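Only one structure is covered here, and it is reproduced in the block below.
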Amino acid sequence: MAIEESLIDRTAHLLNEARYLNLATTWDGTPWVATLEYAWFPDPLHFVFGSSTGARHSSDIRSQPRVGGSLFVREGAAGVAVSSVDGAQFTGRCAEIAPEQLDAYYAPFYETVFPDARQRTEWQLPPRLLQAPAPHRLYRIDVEHWWLIDTRTWAEDRVDRRIELPLGAATQAGLSARGQVRTAFG
């Protein structure tokens, strides 16, 4: 159980401290990666990001909602042997947030992405500009699988591995308890 708790701690650290996530999409066999600011929500683990409906990744999501992605932090986390970096990869499904769900995500997303109230006032789009026919939306990624960099044997064999953290009830409860605490970015 100790390793699972450390993996949950590392996951919470990454979710709270990483500024951007890299989102991989495909359409017609052609891959695309976009770097996006995000907010995360536990139970079940999901991300929210904002984007133009005309962006390549937005078009890809309309055609193929299965996505992959990654995020990382440079300062590492406690218990990580390679302490200068820590990261995760994920897969999931992505879709536009429906207008009737916008209220649940609007304020938390903008408060996370723009923790400074003055910046938020300057850059935050009003809700009416996140619904059709306006050209911007909030999107939700429902995370299905989550892997962390597995550094346990790196010192011996220098093989880059990943370890999957199952997103079951215990993990979801652990992430809920660690909550979203991102405040300001460096």
Item to check | Degrees separating the helix 102-113 axis from the principal Cα axis of the chain, which is the longest one | outcome: 60 degrees
Checklist entry - Picking from Gln124, Gln101, Gln89, which is most flexible by a Gaussian network model of the chain using Cα springs under 10 Å? => result Gln101
Checklist entry - Of the residues Asp157, Asp142, Asp86, which exhibits the maximal mean-square fluctuation in a Gaussian network model of the chain defined by a 10 Å Cα contact cut-off? => result Asp157
Next on the checklist: Over 31 Å apart: what share of the alpha carbon pairs of the chain falls there, rounded to a whole percent?
Outcome noted: 18 percent
Item to check | Candidates Arg158, Arg140, Arg62, ranked by Gaussian network fluctuation over the chain, Cα under 10 Å, top entry | outcome: Arg158
Checklist entry - For the stretch 1-68, what's the radius of gyration and Dmax over Cα atoms, in angstrom? => result 14.4, 45
Item to check | Listed residues Thr35, Leu7, Ser63: farthest to the positive end of the dipole of the stretch 1-78 (Cβ charges) | outcome: Ser63
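Here, each number is a calculation from the coordinates, and none is a lab measurement. Note that this is a predicted model, so its numbers are computed, not measured. When we count neighbours, we look across all protein chains shown, and the Cβ atoms used for this are built from the backbone with ideal geometry, even at glycine.
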